[in-house]
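Novice: Pasting a structure here, questions to come.
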Amino acid sequence: METVVDVSVKVGEETMEFKQLPAALSIANFGSSGVVVSESREAMNAEVEAMLRTSKQVLESIPYHESVIASCDDMLKVLNPQLAKEKAQEEKIGQLEQKVSGMEGTLTDIREMLSKALNGSSNSKKTS
């Protein structure tokens, strides 16, 4: 038989209700709200350190999971040649979009230089 308690905590003007907390535990995770209730600073410290460790491990595993994604993409291309063609087309389209945006920037630069050059030559003709 497990003993549970209901706890009301007043934080500033707000009162928070924690129902059915296990009485035998020194720390409890209260549902999906992300609230952790504890009777001791040490238990809370251990919980926060565990959360920190877990998050660091997740972040450190990102390169591994990126390589898994790349490997799975490669395998899917082998298993499904149509998918490989679509991926190749997407890559080509992406490269073309990059080239076009680079060309737009270059054309804008040329237009500005021509505008400056034309304005400069019309000003020098007026003074002559």
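Novice: Is at least one residue of region 3-11 in a helix (DSSP H, G or I) and either under 30 Å from Ala84 (Cβ atoms) or open to solvent by 60 Å² or more (accessible area, probe 1.4 Å) (or both)?
Specialist: Within region 3-11 (the criterion being in a helix (DSSP H, G or I) and either under 30 Å from Ala84 (Cβ atoms) or open to solvent by 60 Å² or more (accessible area, probe 1.4 Å) (or both)), the answer is no, since none of the residues qualifies.
Novice: Residue check, Ile93 against (1) closer than 30 Å to Val7 by Cα; (2) at pLDDT 90 or above, all met but one. Which one?
Specialist: Failed condition: (1).
Novice: A further question follows. So which of Arg111, Arg41, Arg53 is of a type outside the set (A, V, I, L, M, F, W, C), within 30 Å of Asp6 (Cβ to Cβ) and open to solvent by 80 Å² or more (accessible area, probe 1.4 Å)?
Specialist: Arg41
Novice: Regarding region 59-76, can at least one residue be identified that is surrounded by 11 or more Cβ atoms within 10 Å (Cβ to Cβ) and of a type in the set (Ser, Thr, Tyr)?
Specialist: Checking region 59-76: at least one residue is surrounded by 11 or more Cβ atoms within 10 Å (Cβ to Cβ) and of a type in the set (Ser, Thr, Tyr).
One line per residue, one yes/no per condition, for (1) under 30 Å from Lys19 (Cα atoms); (2) modelled with pLDDT of 90 or more:
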position: Ala50; (1), (2): yes, yes
position: Ser55; (1), (2): yes, yes
position: Leu83; (1), (2): no, no
position: Gln89; (1), (2): no, yes
position: Gln98; (1), (2): no, yes
position: Leu114; (1), (2): no, yes
position: Ser121; (1), (2): no, no
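Novice: Here is a follow-up. Out of Val35, Val7, report the one residue that is out of contact with any strand residue (DSSP E or B) (no Cβ under 6 Å at 6 or more places or on another chain), among the β-branched types (Val, Ile, Thr) and modelled with pLDDT under 90.
Specialist: Being out of contact with any strand residue (DSSP E or B) (no Cβ under 6 Å at 6 or more places or on another chain), among the β-branched types (Val, Ile, Thr) and modelled with pLDDT under 90 holds for just one of Val35, Val7, which is Val35.
The values are calculated or read from the model by the stated rules, or taken from the named source; none is laboratory data. From a predicted model like this one, the values you see are computed outputs, not experimental measurements. Positions of Cβ are generated from backbone atoms using ideal geometry, with glycine treated the same way; all protein chains shown enter the neighbour counts. Only protein heavy atoms, including side chains, enter the accessible area calculation; ligands, DNA and RNA are left aside. Shrake-Rupley method; radii C 1.70, N 1.55, O 1.52, S 1.80 Å.
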